[in-house]
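K.L.:
I am attaching a structure below and will ask some questions about it afterwards.
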Amino acid sequence: MADKIATRQAYGEALVEIGKNNSNLVVMDADLSGSTKTSMFAKEFPERFFNMGIAEQNMYGAAAGLAISGKVVCASTFAIFAACKSFEIIRNSIGYTGANVKICASHAGITVGEDGASHQTFEDIALMRTIPGMTVVNPSDATATKKLLKQIVEMEGPCYFRIGRAAVPVFYSEDDEITLGKGKLIKEGSDVTIIATGIMVNEAYEAAGVLETEGISVRLIDIHTIKPIDSGIVIKAARETGAIVTAEEHSVIGGLGDAVAQVVVKNAPCPVAMVGQQDTFGESGKPDDLKKKYHMTSEDIIEAVRNIVRER
Amino acid sequence: MDINMLNKKAVEVRIGIIEAIHNAGSGHPGGSLSSADITTALYFDIMNIDPKNPGMKGRDKCIFSKGHAGPAQLAAMALRGYFPIGEFTGTLRRIDSRFQGHPNIKIPGIEMSTGSLGQGFSAAGGMAMANKLDNDPGKIFAVLGDGELQEGLVWEAAMSAAHYKLDNLIAIVDHNGLQIDGRNDDVMTVNPIGEKFESFGWNYTVIDGHDMIAIHDALTMAKESKGKPMCIVAETIKGKGVSFMENQAGWHGKAPDDEQYARAMAELNAAKAALK
Ligand SMILES: Cc1ncc(C[n+]2csc(CCOP(=O)(O)OP(=O)(O)O)c2C)c(N)n1
Ligand SMILES: [Mg+2]
């Protein structure tokens, strides 16, 4: 767990690996190929890369056309311009048609940092979850990014793949099995379950370590596939540990927390607390400082777990 | 108009840009520097504004639709007296600062929050419509990037501005030929620009965007435009004024390190001294 690699970097590398065996893969970008790392694919396979310029809506519309014509398309830009700006085009041209487009959105969340509120996206998971048939995936580290990207390219149909800007610890090893649609049990525990996604998985892992020393037995689950969610693993956690804390680098409205709460409320009601962006815009600053100010660190998860255990 | 004063202010704006971005450790120097002369002309020559009364009725408004180049606007505003230059250069992009990575409407004098390309131009059109409704004489100046013109929204805004005869709206395109991934011509062709606006029902003129007299003349003419909105295509050099940043796509969104900062400041200070 020593190395730090941004999930966007792993995404760029994985695109090249997949492109070698899959000549049907087409990659698109909207003038951010250096940032999203699709530039790596562009260099290797220039004939299968299209820079669409600063025109994200046209990119997703054209991606639908390419996909409906038989290609599998990974189309990248920042999450704010993918999920938010292009939402209706994604909904109608990609979701409604079931087009085989993978919306690979980078620079999600508060860790965008200095660019500030106009670029920090906390709404993308919520938006994408509402589209029927859309698979929504938020990998936690470089290893998971590579393993999951391979699976979503093989899978038929639309998918939203959320990756980040900041370098984050490599959490998983090559031997870890990471399967699309299946929650990953990282650690067993009996008092409480932390369910995390994306870069919050590592924060949750650190939190679990601290809480164990306080005598709280914590189960930890990585939900990388937020839709369709692995309800089995969530229901089991609710029944066996009786309390759940969710953690995501996203609004607490409409994201992982809501997805988990829906499963819990319908099947095995128990207290659920949500760590995430609390219905407010972000601001400019250093990613680590912003994570603290907006309460998305291991400290905040620890606090939430202590509270939920105390109140039970 | 005092050409020497304006040219000197433009260098000071550039110094402010480099100071702020170097201090912040991130930001967009290339497109800020290319629009520095236009911005200086707007704030020190053309616009009817009062820094002591930023909400003055009937004022002209400048909207940086290419919001990433906000430091050019903020530097000009600071020098014009809206807020202390040191607060801007010392806190840009820092946590808890009001000087955000992209223009923020909460700062008195900033008329619109921007950062998502294309949207500032749409809002500028709306402000021009409001001024028509209110018989407000204020002009709306929107500064756009050439890469930004690739956004479909820009052309929706251009179409409606002509339809509603918004002759109080002036678009200034900072035509530096570059965007993030390289040359406009390699990424997505936007030329010819003036002709596109013309076919959308606009008047247009092409000028050297670093020639203060040409900028003055074009903006003065644009303020007098009748019946149609006016587009000024300003031919510029990305990174203008810092030799090693000029015409380099790599300087779009990167802060200078200490050594580069020292070199840039030496060049700008020499340019300022030469203008005395
Ligand atoms: C809608 C949108 N898409 C993408 C971006 C990311 N972005 C910021 S600046 C930029 C390039 C802008 O190029 P140009 O308009 O030519 O600006 P300039 O050369 O004047 O800096 C891009 C793609 C953005 N801010 N907004
Ligand atoms: Mg440009």
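The values are calculated or read from the model by the stated rules, or taken from the named source; none is laboratory data. The shown structure was predicted, so the numbers you read here are calculated from the model rather than taken from an experiment. Positions of Cβ are backbone-derived with ideal geometry, glycine not excepted, and every protein chain shown enters the neighbour counts. We work out accessible area using only protein heavy atoms, side chains counted, and drop any ligands, DNA or RNA first. Shrake-Rupley method; radii C 1.70, N 1.55, O 1.52, S 1.80 Å.
K.L.:
Of the conditions (1) open to solvent by less than 10 Å² (accessible area, probe 1.4 Å); (2) free of Cβ contacts under 8 Å to residues at least 60 places away in the same chain; (3) in contact with a Ser or Thr (Cβ under 8 Å, 6 or more places away or on another chain); (4) away from ligand 1 (no atom under 16 Å from the Cβ), A:Ile68 clears all except one; give me its number.
P.N.:
(1)
K.L.:
Got a sec? Which helices (runs of 4 or more DSSP H) wholly within the range B:65-135 have at least 3 residues that are more than 16 Å from ligand 1 (Cβ to nearest atom), in contact with a strand residue (DSSP E or B) (Cβ under 8 Å, 6 or more places away or on another chain) and away from chain A (no Cβ under 14 Å)?
P.N.:
Those helices (runs of 4 or more DSSP H) span B:119-134.
K.L.:
Restricting attention to the range B:200-223, does a residue exist that is under 18 Å from B:Ala72 (Cα atoms), within 12 Å of ligand 1 (Cβ to nearest atom) and open to solvent by less than 10 Å² (accessible area, probe 1.4 Å)?
P.N.:
Within the range B:200-223, one or more residues are under 18 Å from B:Ala72 (Cα atoms), within 12 Å of ligand 1 (Cβ to nearest atom) and open to solvent by less than 10 Å² (accessible area, probe 1.4 Å).
K.L.:
Next question. Restricting attention to the range B:142-172, which residues are near ligand 2 (Cβ under 9 Å from one of its atoms) and part of a strand (DSSP E or B)?
P.N.:
Once the filter is applied, which keeps residues that are near ligand 2 (Cβ under 9 Å from one of its atoms) and part of a strand (DSSP E or B), the range B:142-172 yields only B:Gly145.
K.L.:
Could I ask something else about it? Pick from the range B:185-195 the residues that are more than 15 Å from ligand 1 (Cβ to nearest atom) and open to solvent by less than 70 Å² (accessible area, probe 1.4 Å): which of them is farthest from A:Asn51 (Cα to Cα)?
P.N.:
The extreme case among them is B:Gly194.
K.L.:
To continue, here is another question. It is to be established whether one or more residues within the range B:30-44 are touching a Leu at 6+ places or on another chain (Cβ under 9 Å), in contact (Cβ under 8 Å) with a residue 24 or more places away in the chain, more than 16 Å from ligand 1 (Cβ to nearest atom) and open to solvent by 10 Å² or more (accessible area, probe 1.4 Å).
P.N.:
Checking the range B:30-44: at least one residue is touching a Leu at 6+ places or on another chain (Cβ under 9 Å), in contact (Cβ under 8 Å) with a residue 24 or more places away in the chain, more than 16 Å from ligand 1 (Cβ to nearest atom) and open to solvent by 10 Å² or more (accessible area, probe 1.4 Å).
K.L.:
Find the strands (runs of 3 or more DSSP E) located wholly in the range A:84-173 whose residues include 1 or more that are within 14 Å of chain B (Cβ to nearest Cβ) and within 23 Å of A:Lys71 (Cβ to Cβ), and list them.
P.N.:
Counting at least 1 such residues, we get A:101-106.
K.L.:
Further question on the same structure: Return a yes/no flag: does the range A:268-281 have any residue that is farther than 21 Å from A:Lys187 by Cα, of a type in the set (D, E, K, R) and touching a residue at least 40 places away in the same chain (Cβ under 8 Å).
P.N.:
no
K.L.:
Now for a separate question. May I ask you to list the residues in the range B:62-80 that are surrounded by 24 or more Cβ atoms within 10 Å (Cβ to Cβ) and not hydrophobic (A, V, I, L, M, F, W, C)?
P.N.:
Correct list: B:Ser65, B:Lys66, B:Gly67, B:His68, B:Gly70, B:Pro71, B:Gln73.
Residues checked against (1) in contact (Cβ under 8 Å) with a residue 12 or more places away in the chain; (2) surrounded by 22 or more Cβ atoms within 10 Å (Cβ to Cβ); (3) not assigned by TED's automatic domain parsing to the domain that holds A:Lys293:
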{"site": "A:Glu47", "(1), (2), (3)": "no, no, yes"}
{"site": "A:Ala55", "(1), (2), (3)": "yes, yes, yes"}
{"site": "A:Asn58", "(1), (2), (3)": "no, no, yes"}
{"site": "A:Ala62", "(1), (2), (3)": "yes, no, yes"}
{"site": "A:Ile90", "(1), (2), (3)": "yes, yes, yes"}
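K.L.:
With the condition being away from chain B (no Cβ under 14 Å) and of a type in the set (D, E, K, R), I'd like the helices (runs of 4 or more DSSP H) fully within the range A:193-312 carrying at least 2 qualifying residues.
P.N.:
Here the list reads A:200-213, A:231-241, A:256-267, A:298-311.
K.L.:
Go over the candidates B:Gly118, B:Gly182 one by one and state the one that is within 16 Å of ligand 2 (Cβ to nearest atom), in contact (Cβ under 8 Å) with a residue 24 or more places away in the chain, open to solvent by 10 Å² or more (accessible area, probe 1.4 Å) and at positive phi.
P.N.:
Details: B:Gly118 fails: open to solvent by 10 Å² or more (accessible area, probe 1.4 Å).
The unique qualifying residue is B:Gly182.
K.L.:
Considering each of A:Ile244, A:Ile223, A:Ile178 in turn, give the residue that is of a type in the set (Val, Ile, Thr), modelled with pLDDT of 95 or more and not assigned by TED's automatic domain parsing to the domain that holds A:His295.
P.N.:
Working: A:Ile244 fails: not assigned by TED's automatic domain parsing to the domain that holds A:His295; A:Ile223 fails: not assigned by TED's automatic domain parsing to the domain that holds A:His295.
None of the other options fit; the residue is A:Ile178.
K.L.:
For the range A:23-49, which residues satisfy the criterion of being more than 10 Å from chain B (Cβ to nearest Cβ) and either in a strand (DSSP E or B) or within 16 Å of ligand 2 (Cβ to nearest atom) (or both)?
P.N.:
Correct list: A:Leu25, A:Val26, A:Val27, A:Met28, A:Phe49.
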